[in-house]
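These notes concern the structure reproduced below.
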């Protein structure tokens, strides 16, 4: 078999892995399809005749490497830090980002993967709405997803992308745009019934942001926003529990335990950082330090993270690790905003809208390299990798 044929077969296998990931990202599977695709990509390099197959035209990978190095330095200094946690939550998800180095992500392939992801969101929203109508579950229905916090993070990563692509004039197929738009509308009642307040807050800000930037006729944009808010309002009327949770968003007293608990956790994480300002208590050590020394006597939950990405970074990796994290996200925002202002490119707006919603999610949850939410880091890097490939910041010439 020729080298060209072997490379073609490996490419097909990688694409199959990415398709399977797009259909199974919402649940824990025994096979990590992104890691499998990455390994196949490494094998493919062996058969390349031209070893100078990469062109990199941005500093994204430099800032990501800086973040990884800064946090690794804190692991080395804190002898009690968990290297296995660091490897699992910080290093392993990078395979999703590095895939464009090994596989050619064409625009058509990316849209195919997003369409499959959209299909999962459509079916899951239908099931959640069915659960609510049939009163099958109480509290926070999550459909097929492996936990409501995973669903929360995935909603904020994916739905802004689907909305941007569905209403922004582009060369995308009309039928795919319609399907993305239908997926959004089916998900709105599901999001209401899921009862996750940070999703309500984030999307109520990000969706109008997308609409105003995507629709030139501002009257049409304003009308669409009004319709979307009215539709959401009507959905709330069917769920008294959701309405009650909505009314407690701004409450900080002990009468609303989830809000009060977060304030207590944020205070504990702040104290943890103040006591260990340079390198933190060590990555993977938050829970042990929290229950041993920093948990408030008023707290009722033994948390593994402070429900805030920045505070989690400060507490576990101190100023050194946090500087790497901040520089990374500042650069991601800087490049996407400056590029969009310059070119009005839908690719930059798509990534920016997802990044914005993901960052807002990080105000109340540890959705990035956070405990038991590793899948969100994989998806974040996967989206970032596809963005770099779409913008031709990474070009695989083979």
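Taking the Cβ-Cβ separation of residue 291 and residue 363 as r and a Förster radius of 35 Å, what is the calculated FRET efficiency to the nearest 0.05? Before the final figure, lay out each step's value.
On the way: r = 24 Å, r/R0 = 0.68.
Once rounded, the FRET efficiency stands at 0.90.
At what distance in angstrom do the alpha carbon centres of segment 108-184 and segment 54-79 lie from each other?
32
Points 7 angstrom from Cα along the Cβ direction at residue 223 and residue 270: gap in nanometres?
4.7
Given Cα pairs under 8 Å that are at least 6 residues apart, what percent is the relative contact order of the chain?
With pairs under 8 Å counted, the relative contact order is 27 percent.
Determine, for each peptide in 25-38, 288-301, 349-362, the mean count of other beta carbons within 10 angstrom over its residues, then list the peptides with the highest first.
Per-residue mean Cβ counts within 10 Å order the peptides as 349-362, 25-38, 288-301.
May I ask you to derive the FRET efficiency for residue 28 and residue 298 from their Cβ-Cβ distance with R0 = 41 Å, giving the value to the nearest 0.05?
Efficiency at R0 = 41 Å is approximately 0.75.
What distance in nm separates the two pseudo spin-label positions at residue 341 and residue 136, each 7 Å out from Cα along the beta-carbon direction?
About 4.8 nm, to one decimal.
Explain nothing, just the number: relative contact order of segment 30-153, from Cα pairs under 8 Å at least 6 residues apart, as a whole percent.
The value is 25 percent.
Just to verify a number: FRET efficiency for residue 43 and residue 84, C-beta to C-beta distance, R0 = 25 Å, to 0.05?
Plugging the Cβ-Cβ distance into 1/(1 + (r/R0)^6) gives 0.45.
Could you list 55, 261, 375 so that the one with the fewest beta carbons within 10 Å of its beta carbon is first and the one with the most is last?
Neighbour counts put them in this order, fewest first: 55, 261, 375.
For the residues 203, 213, what sequence is obtained by ranking on other C-beta atoms within 10 Å, fewest first?
Placing the least packed residue first, the sequence is 213, 203.
Distance from the Cα centre of segment 256-297 to that of segment 333-398, in angstrom?
Result: 28 Å between the Cα centres.
May I ask you to order 217-225, 311-319 by the average number of other C-beta atoms within 10 Å around their residues, highest value first? Write down the numbers at each step before the final one.
Values: 217-225: 13.3, 311-319: 27.7.
Result, highest mean Cβ count within 10 Å first: 311-319, 217-225.
What value, in deg cm²/dmol to 500, does the helix sum -39500 (n - 2.57) over DSSP H runs of n ≥ 4 give at 222 nm once divided by the residues of the chain?
Mean residue ellipticity, 222 nm, calculated: -22500 deg cm²/dmol.
Using the count of nearby Cβ atoms within 10 Å as a rough guide to exposure, how do 108, 374 rank from fewest to most?
Lowest count first: 108, 374.
Run the simple label-point estimate for residue 181 and residue 4 please: 7 Å along Cα→C-beta, distance reported in nm.
Using points 7 Å along Cα→Cβ, the separation is 4.3 nm.
Read-outs: derived from the displayed coordinates by stated rules, not from any lab. These numbers were taken from a predicted model, which means no experiment stands behind them. Cβ sites come from the backbone with ideal geometry, for glycine too, and all protein chains shown count toward neighbours.
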